[in-house]
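See structure below.
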Amino acid sequence: MASGSARFTVAVGDLTWIGVGLHRPECVLCTAAGDVYVSDWRGGVSRIRPDGSVTQIGGAASEEAAPARPNGIAMQRDGSFLLADIERGGVYRLTRDGALHPFLVEVEGRPLPDTNFVMVDRAGGIWVTVSTRHKPRQEAYRANVSDGFIVRQDRRGTRIVADGLGFTNECQLHPSGGWLYVNETFGRRLSRYPLGADGDLGRRETVTEFGHGTYPDGLAFDVEGGAWITSVVSNRVIRVLPDGSQQVVLEDSDPAHVEEVERAYRAGTMNREHLSAIRSRALKSLSSLAFGGPDRRTAYLGCLLGDRLATFRAPVAGAELSHWNVPA
């Protein structure tokens with residue numbers, strides 16, 4: 001970070017809030033126009049305008065698709081959205097007029113299971129993470145389950161480019177363009193793959209491993225190459241430096257509750273209830289972080305169980321993503 005910011009922390013009481021009546025705002029996107037978009041479990045995306053007003057895009061089914069349950073969302077160059085459906089699997093395309101259609105529902109001849117996240121890179125390539133092949137997916141809330149994978153779609157077609165991950169979650173390209181980073185939530189590590197010119201990935205490397213109470217979910221880069229990680233359960237924001245060292249920037253957790261979840265995780269009995277009974281002061285299962293504002297130094301925090309977004313000012317700007325300059 002910039003000079004003096006290595007000790008940067010945020011107190012829960014210093015957070016500010018935007019939005020009202022949001023529905024499971026797990027994933028957040030920000031644009032240069034000042035709009036903030038969040039996933040909406042009514043079936044689409046909620047748009048928070050700079051004046052604070054909230055409107056809904058989508059939510060009704062088309063003939064081809066029932067309402068989606070979006071986990072991760074991405075924005076394409078034409079302003080349409082891609083929704084990763086964590087409940088039924090697959091990726092769906094949502095246009096600005098609210099029409100919803102299947103976009104990518106199978107790979108290599110098999111249906112996509114619990115689809116966690118979708119990301120569009122600067123070249124127009126699409127990256128999709130699938131957390132697990134287990135049904136129900138809570139059976140993958142284990143340290144010894146590694147059946148998540150990553151899909152890429154580009155001019156060469158659609159294919160699995162990485163496999164054997166411990167509950168694959170958000171992925172992002174490093175600002176250098178040379179690496180794909182990915183969170184493994186119940187593998188409790190941040191991993192990366194070298195990116196080839198053909199869009200394929202090399203051998204997985206571990207950037208850093210996380211300990212007691214940290215279950216990495218969201219991932220965003222700043223312009224200095226720092227990776228900002230959000231953790232469900234403990235409501236932590238952790239900045240991982242390029243050398244793999246970690247700094248806790250924010251935490252809003254109940255130690256006794258975190259320990260309860262840890263015991264279940266170690267015993268192999270962790271389930272959905274452990275992710276839905278969060279005890280905290282304000283944050284409700286912190287799941288994502290996106291940089292926005294005119295200088296990309298405002299951090300917006302998505303929460304699985306929240307109905308609004310928390311924000312704070314960061315000492316360094318976020319990296320510019322492919323959708324940053326998409327018109328409103």
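The values are calculated or read from the model by the stated rules, or taken from the named source; none is laboratory data. Everything quoted here is computed from the prediction, not taken from an experiment. Cβ atoms come from the backbone with ideal geometry, glycine included; neighbour counts cover every protein chain shown. When the accessible area is computed, the model is the full protein with side chains, heavy atoms only, and any ligands, DNA or RNA have been set aside. Shrake-Rupley method; radii C 1.70, N 1.55, O 1.52, S 1.80 Å.
Using +1 on the beta carbon of Lys and Arg, -1 on that of Asp and Glu, and nothing else charged, what's the dipole of the chain about the Cα centre, debye to 20? Mind dumping the intermediate values first?
Details: 37 positive and 39 negative charges, 15 e Å.
Computed about the Cα centre, the dipole is about 80 debye.
Report, largest value first, the span of the C-alpha coordinates of region 137-268 along each principal axis, in whole Å.
The Cα atoms of region 137-268 stretch 49, 35, 18 Å along their principal axes.
Restricting things to Cα coordinates, could you compute the convex hull volume per residue of region 194-281 in Å³? Write down the numbers at each step before the final one.
Details: hull volume 11.6 nm³, N = 88.
Spread over its residues, the Cα hull of region 194-281 gives 132 Å³ apiece.
Relative contact order for the chain: what is it in percent, counting Cα pairs under 8 Å that are at least 6 residues apart?
18
Give me the base-10 log of I(q)/I(0) for region 4-56 at each q in 0.14 Å⁻¹, Debye formula, one uniform scatterer per Cα, rounded to two decimals.
Calculated log10 I(q)/I(0) at the listed q: -0.46.
Give the residue list of trypsin sites (Lys or Arg not before Pro) in region 240-328 that are DSSP loop and have at most 11 other beta-carbon atoms within 10 angstrom.
Arg281
First select every other residue whose beta carbon is under 14 angstrom from the beta carbon of Val118; then total the charges, Lys and Arg +1, Asp and Glu -1.
Taking every other residue near Val118 into account, the sum is -3.
Using 10 Å bins from zero, what percent of all Cα-Cα pairs in region 75-221 falls into each bin?
12, 43, 35, 10, 0
Sum -39500 (n - 2.57) across every DSSP H segment of at least 4 residues in the chain, then divide by the residue count to get the 222 nm mean residue ellipticity, nearest 500.
Computed ellipticity for the chain at 222 nm equals -1500 deg cm²/dmol.
Tally Lys/Arg at +1 and Asp/Glu at -1 over every other residue whose Cβ is under 14 Å from the Cβ of Arg77; what's the total?
Here the charged neighbours net out to +1.
Give me the net charge of Val223's neighbourhood, meaning all other residues with Cβ under 12 Å from the Cβ of Val223; Lys, Arg count +1, Asp, Glu -1.
It works out to a net charge of -2.
On full extension of the chain, what length is gained from Asp14 through Glu273, given 0.36 nm per residue of separation minus the C-alpha to C-alpha distance? Don't skip to the end; give the middle numbers.
On the way: separation 259, 0.36 × 259 = 93.24 nm, distance 2.92 nm.
Contour length minus the Cα-Cα distance gives 90.3 nm.
When the Kirkwood radius is taken over all Cα pairs of region 1-150, what Stokes-Einstein diffusion coefficient follows at 10 °C and 1.306 mPa s, in µm²/s?
95
Counting only protein heavy atoms, what percent of the accessible surface of the chain is carbon or sulfur at a 1.4 Å probe? Please report the intermediate quantities before stating the final value.
Numbers: 6140 of 12810 Å².
Carbon and sulfur together cover 48 percent of it.
What whole-number value in Å² describes the accessible area per residue of region 118-186 for a 1.4 Å probe?
35
Calculate the tail of P(r) for region 236-327: the fraction of all Cα-Cα distances greater than 20 Å, expressed in %.
Tail of the P(r) past 20 Å holds 49 percent of the pairs.
Loop only by DSSP, 10 or fewer other Cβ within 10 Å of the Cβ. Give me the trypsin sites (Lys or Arg not before Pro) in region 186-259 that pass, ordered by residue number.
Arg203
Given the whole protein assembly as supplied and a 1.4 Å probe, what does the accessible area of Leu241 come to in Å², nearest 10?
Per-residue accessible area (Leu241): approximately 60 Å².
Tell me, in nm to one decimal, what length is gained between Asn325 and Ser245 on full extension, where the rule is 0.36 nm per residue of separation less the Cα-Cα distance?
Value of the extension gain: 25.6 nm.
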